[in-house]
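Step one of this worksheet: look at the structure below.
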Amino acid sequence: MMPHTHLAVALMTAMAFLSCLRSESWEPCVQVVPNISYQCMELNLYKVPDNIPTSTKILDLSFNHLNHLGSHSFSRFPELLVLDLSRCEIQMIDDNAYQGLNHLATLILTGNPIQSLALRAFSGIPSLQKLVAVETNLASLEDFPIGHLKTLKELNVAHNLIHSFKVPKYFSNLPNLEYLDLSNNKIQNIYHGDLQVLHQMPLLNLSLDLSLNPLDFIEPGAFKEIKLNKLTMRSNFNSIDAMKTCIQGLAGLKINRLVLGEFKNERNLESFDKSVMEGLCNLTIEQFRIANIREFPEDVTDSFNCLANVSMISLLSLYLDNLEAIPEDFRWQHLELVNCKFKRFPTLKLNSLKKFVFIHNTGMSTFVETELPNLQFLALKGNDLSFKGCCSHTDFGTTKLKYLDLSFNGIITMNSNFMGLEQLEHLDLQHSALKQANDFSIFLSLRNLHYLDISYTQTRIVFHGIFHGLVSLQTLKMAGNSFQNNLLPDIFTEVTNLTVLDLSKCQLERVSQRAFDPLTKLQVLNMSHNKLLSLDVLPYEPLRSLQILDCSFNRIVASKEQELQHLPRSLAFLNLTQNDFACVCEHQHFLQWLKDQRQLLVEAEQMVCTQPLDMQDMPVLSFRNATCQISKMTISVSVLTVLLVSVAGVLVYKFYFHLMLLAGCKKYGKGENTYDAFVIYSSQDEDWVRNELVKNLEEGVPPFQLCLHYRDFIPGVAIAANIIQEGFHKSRKVIVVVSQHFIQSRWCIFEYEIAQTWQFLSSRAGIIFIVLQKLEKSLLRQQVELYRLLSRNTYLEWEDTVLGRHIFWRRLRKALLEGKAWSPEGTADAESSQHEATTST
Amino acid sequence: MKGFAAAFLVWALVSPQGGGETWPAHTACRDGNLEVLYQSCDPLQDFGFSADQCSKQLKPNLNIRFGIVLREDIEELFLDVALFAKGSSILKFSYPVCEVDLPKFSFCGRKKGEQIYYAGPVNNPGFEIPVGEYQVLLELYNRDHSTVACANATVTCS
């Protein structure tokens with residue numbers, strides 16, 4: 001057992017050692033921008049990495065274990081602009097730690113438990129503008145060695161242990177300081193002497209955040225004659241008395257913007273009353289904001305009495321009910337009510353008000369007419385309000401309105417076409433439900449409107465005159481609506497100045513050919529998320545200034561090839577991603593066009609095929625036209641082959657006998673016979689024999705030599721002798737032309753019987769029957785032999801039709817060729833025998 | 001012993017260093033018939049969370065406690081909540097927690113590397129949790145869409 005235990009212990013030690021080794025990581029930093037920006041966050045680094053280019057400008061070393069910054073720690077990176085050392089467990093920073101960082105503008109030290117900060121720790125960074133020392137155990141600004149950072153604009157020492165608000169003397173050396181964040185510290189009291197430096201060296205642009213300090217007391221006069229840009233004091237007071245004291249202590253302060261109140265999660269004040277606000281009478285305030293006060297007094301007139309002359313007032317997350325009581329002579333020009341609770345919409349009467357922002361408030365349901373005669377800017381966004389009649393100058397009591405935002409509300413019933421609001425330049429109705437938008441030209445009076453947003457207003461556009469009157473409109477957003485028959489009609493006839501048009505998510509299937517004709521200035525057109533089946537280019541042709549066309553997320557399969565050239569020349573970006581491209585040869589011209597226009601296409605690599613199945617999810621640009629050419633080639637070759645073969649077949653059929661001649665060594669002989677066939681026929685059928693048989697067989701190919709009694713019988717010789725000598729003896733075959741007359745003719749029967757005998761004697765199968773006409777059976781039966789033969793043997797039947805004749809002559813020629821001698825010798829023999837025969841006769 | 005040594009060796013070699021590990025499940029609250037467990041789904045860090053009340057009858061503006069070391073600045077902060085039951089999505093919504101000009105909470109505007117501790121109400125409506133098991137996916141992210149915190153919670157109500 002013992003050796004096993006030893007082994008285990010050894011293994012564990014080895015593992016522990018290995019894991020220790022592993023704790024120092026060699027993982028490389030993330031290169032955000034090559035040679036410029038590197039991110040080394042949380043890489044278990046114990047020292048500044050030395051494998052990073054010296055040209056680095058942005059270096060993030062946060063969440064490492066640097067512990068101790070010795071002098072010249074970063075001298076390898078003289079170009080540094082931003083250095084992030086958040087939560088690096090830095091406890092000590094030596095003299096000249098940042099020496100040599102002549103360009104360093106931002107230094108972040110958040111979350112380091114700094115215990116020892118050398119006096120010259122921040123020397124050698126002459127360009128520093130922003131120093132973030134949040135949560136760094138800093139106990140006092142006085143000891144913070146930054147007095148020489150003349151360029152410093154922003155100092156964030158929030159979340160520290162600073163007890164005193166004493167502005168150190170060296171602040172007179174920081175003339176550019178604009179922002180000092182002292183929030184979440186331990187400051188309780190502010191004395192007169194604390195701000196002495198600001199009397200000597202006023203920092204007029206300084207914004208000061210003192211939020212989340214447990215302020216108890218501000219000595220009266222401490223801020224007298226002090227000018228600040230902004231002072232924020234949120235969640236500073238544990239009691240209403242402390243707040244009252246401190247606000248009175250601010251007396252004499254001249255300030256551009258004062259922010260008071262609490263945070264939603266840091267509410268310490270049990271109550272709030274108007275006496276707190278009375279202290280504000282001793283301040284000179286330009287803009288005032290108060291937020292998250294739980295029990296704001298109902299008597300608003302008294303509460304805001306000291307703020308009657310501020311130009312801007314902003315009330316956030318308050319319960320307000322009596323705003324109507326605010327006197328008309330208050331000089332407020334800009335009023336902001338955000339996230340407040342009301343019982344009903346406040347019907348203000350303020351002559352001075354130019355800008356009224358009333359957004360994300362709750363508790364009301366209906367908009368009520370207001371009387372704000374100088375109002376130019378009105379934002380009523382996200383209040384769930386419904387508008388029973390919209391809109392005319394009587395609703396807002398002004399004719400000067402330039403900006404109107406009624407978005408994210410309830411139902412807006414359009415019953416007036418903005419009468420008296422002709423000055424309007426910006427109108428936003430998105431995500432509110434528009435009613436009666438199709439009844440008349442609702443925007444007819446808005447001849448100065450530049451911007452109109454009716455996206456997602458549940459509008460189904462039926463009336464083609466809906467945009468009449470918008471002659472100055474430059475931007476029209478109407479996504480998420482719908483059109484009758486899903487067809488975009490000619491509704492833009494008067495909006496000729498449009499430069500941006502959003503028609504996405506409108507369920508469009510088709511676009512009317514002339515829909516875009518008036519939009520010659522349009523630069524951006526969004527047709528995405530519709531149901532377009534094909535890229536119909538023709539409607540876009542009149543858009544001479546179009547630069548961006550987005551047709552993504554449609555169902556485009558392809559486009560007509562001949563139309564593609566009509567795409568506007570000015571087009572720079574065409575988005576066709578997420579469509580249903582068919583990567584088939586049928587559309588190869590379109591696919592080739594896509595390849596050619598690659599520099600035009602947005603995210604061309606993301607365009608994938610959906611058809612055919614074997615190409616699914618393949619990039620459209622990977623489609624190769626060669627595949628189509630191959631198949632085309634195959635098709636044409638096979639068609640050609642079939643054609644050739646059939647032509648050859650026809651030719652062979654047609655010139656069968658010529659070919660037989662050629663194959664039979666150019667010439668055929670007649671063998672030992674003078675004639676190819678002896679023709680037995682009735683003289684009654686002589687017409688047929690002369691006009692048909694002789695003509696076709698003797699003048700056709702191959703030419704046959706027939707033996708005919710009227711021509712070839714030697715005169716002066718007995719008929720019987722002629723029949724035997726000339727007819728049977730010299731002929732290879734016998735053609736018997738059977739007809740009614742044949743059976744009735746004695747000579748014919750005689751000839752036929754001799755032929756039969758001859759056939760028997762010379763044992764040659766040479767009789768070819770041609771039946772000229774249908775025979776009566778009774779008549780035929782008289783010739784028992786003939787009848788028997790005809791019923792047993794194949795015979796040729798004459799048929800006087802084109803096809804019948806053709807077949808007849810072919811069969812006859814074939815039958816005549818049978819048994820023919822083809823050899824030249826044969827020919828010679830035949831000639832000699834012919835010679836012999838001639839001589840013998 | 002040999003088996004133990006071998007298992008140890010395998011564990012030591014296989015166990016990942018740094019990212020990639022899954023965080024342990026924590027209990028946010030447990031009462032008679034309600035149990036809420038959560039697990040961080042941010043590969044970079046775990047965090048602490050608890051709810052003050054733990055009852056089937058959820059009260060409005062529930063008080064919670066939440067502690068974390070920020071990996072990102074949160075001048076702007078958004079919360080995405082997705083609720084699932086039996087694998088199918090029931091509810092999804094997005095809520096702006098911190099906005100540049102309108103910091104509602106005291107932690108808005110806090111810096112990367114700063115430790116924050118939030119104890120306060122959540123802007124929730126009161127309702128009774130129906131009996132069943134639910135999965136809640138919560139994600140906090142900033143303007144750059146970088147994750148600030150992420151949690152997979154399981155709510156078991158019986």
### Task
Kindly provide the Kirkwood hydrodynamic radius of chain A in Å, to one decimal, from all pairs of distinct alpha carbon atoms.
39.0 Å
### For region B:25-36, Karplus couplings with θ = phi - 60° (6.51, -1.76, 1.60), whole Hz, Gly/Pro x
7, 10, 9, 7, 6, 9, 9, x, 10, 9, 9, 10
### Task
List every DSSP H helix in chain A whose Cα atoms extend 27 Å or more along the helix's own long axis and whose mean Kyte-Doolittle hydropathy is at least 0.0.
A:2-23, A:625-654
### Query
Expressed in nm to one decimal, what extension gain is obtained for the pair A:GLN606 and A:CYS281 from 0.36 nm per residue of sequence separation less their Cα-Cα distance?
110.7 nm
### Query
In region B:111-126, what residues drop by 10 Å² or more in accessible surface going from the chain by itself to the full protein assembly, probe 1.4 Å?
B:LYS111, B:LYS112, B:GLY113, B:GLU114, B:GLN115, B:TYR118, B:ALA119, B:PRO121, B:ASN123
### Message
Below 8 Å between Cα atoms, with a sequence gap of 6+, how large is the relative contact order for chain A in percent?
### Response
3 percent
### Peptides A:178-188, A:368-378 ordered by average Cβ neighbours within 10 Å, highest first
A:178-188, A:368-378
### Summary
Phi angles of region A:259-273, converted by Karplus (6.51 cos²θ - 1.76 cosθ + 1.60, θ = phi - 60°) into ³J(HN,Hα) in whole Hz with x for Gly and Pro, give 10, 10, x, 10, 9, 4, 9, 10, 9, 10, 6, 7, 9, 8, 9
### Query
How about region A:316-373: which trypsin sites (Lys or Arg not before Pro) there lie in a loop by DSSP and see at most 13 other Cβ atoms within 10 Å?
A:ARG331, A:LYS343, A:ARG344
### Query
Considering only A:THR151, A:GLN287, A:SER365, whose Cα is most displaced toward the positive end of the charge dipole of chain A, charges sitting on Cβ of Lys, Arg (+1) and Asp, Glu (-1)?
A:SER365
### Query
In whole percent, how big is the carbon plus sulfur part of the accessible area of the protein assembly as shown, probe 1.4 Å, protein atoms only?
54 percent
### Task
Could you work out the local net charge near A:GLY261, counting Lys and Arg as +1, Asp and Glu as -1, over the other residues with Cβ closer than 12 Å to its Cβ?
+4
### Query
Along the principal axes of its C-alpha atoms, what lengths does region A:214-373 span, in descending order and rounded to whole Å?
47, 31, 23
### Message
Which one, B:GLY120, B:ASN142, B:VAL81, projects farthest toward the positive side of the charge dipole computed for region B:14-158 from Cβ point charges (K/R +1, D/E -1)?
### Response
B:GLY120
### Query
For the pair B and A, how large is the buried accessible area, both sides, in square angstrom to the nearest 100, if the probe is 1.4 Å?
2800 Å²
### Summary
Long-range amide H partners of A:ARG257, meaning residues 5 or more apart or on another chain whose placed amide H is closer than 5 Å, are A:LYS230, A:LEU231, A:GLU286, A:GLN287
### Task
Output the Cα-based Rg and Dmax of region A:363-424 in Å, rounding Rg to one decimal and Dmax to a whole number.
10.8, 32
### Query
Under a Cβ-Cβ cut-off of 14 Å, what is the net charge of the residues other than B:LYS56 that fall near it, where Lys and Arg count +1 and Asp and Glu count -1?
-2
### Summary
A student applying the Cα gyration tensor rule (rounded when a/c is under 1.5; otherwise prolate if a/b is larger than b/c, oblate if not) would label region A:49-192 prolate
### Task
Rounding to the nearest 20 debye, state how big the charge dipole of region A:53-94 is about its Cα centre with +1 on each Lys and Arg Cβ and -1 on each Asp and Glu Cβ.
60 debye
### Task
Could you size up the charge dipole of the protein assembly as shown around its Cα centre, putting +1 on the beta carbon of Lys and Arg and -1 on that of Asp and Glu, and report it in debye to the nearest 20?
2100 debye
### Query
So which residues in region B:56-71 end up with at least 50 square angstrom less accessible surface once the other protein chains are there, compared with the chain by itself, probe 1.4 angstrom?
B:ARG71
### Query
What list of ³J(HN,Hα) couplings, whole Hz, do you get for region A:469-476 from phi and the Karplus terms 6.51, -1.76, 1.60, once you set θ to phi - 60° and write x for glycine and proline?
x, 8, 6, 9, 4, 10, 10, 10
### Query
Between A:ARG792 and A:LEU662, what FRET efficiency follows from the Cβ-Cβ distance if R0 is 35 Å, with the result rounded to 0.05?
0.45
### Task
Can you work out the accessible area per residue across the protein assembly as shown, with the rest of the protein chains kept in place, probe 1.4 Å, in square angstrom?
48 Å²
### Message
Taking the Cα centroid of region A:568-613 and of region B:78-94, what is the distance between the two, rounded to the nearest whole Å?
### Response
36 Å
### Summary
Taking every other residue with Cβ under 10 Å from the Cβ of A:HIS393 and scoring Lys and Arg +1, Asp and Glu -1, one gets -1
### Message
Exceeding 30 Å between C-alpha atoms, which entries from my cross-link table qualify? They are A:LYS57/A:LYS254; A:LYS354/A:LYS388; B:LYS92/B:LYS112.
### Response
A:LYS57/A:LYS254
### Query
Nearest 0.05, what FRET efficiency do A:VAL368 and A:GLU298 give at R0 = 22 Å with Cβ-Cβ as r?
0.65
### Message
I need the shape label for region A:347-471. Rule: rounded when a/c is under 1.5, else prolate if a/b > b/c, else oblate, with a, b, c from the alpha carbon gyration tensor.
### Response
oblate
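The values are calculated or read from the model by the stated rules, or taken from the named source; none is laboratory data. Keep in mind that this is a model prediction, so the values were computed, not measured. We place every Cβ from the backbone using ideal geometry, glycine too, and count neighbours over all the protein chains shown. For accessibility, only protein heavy atoms count, side chains too; no ligands or nucleic acids. Shrake-Rupley method; radii C 1.70, N 1.55, O 1.52, S 1.80 Å.
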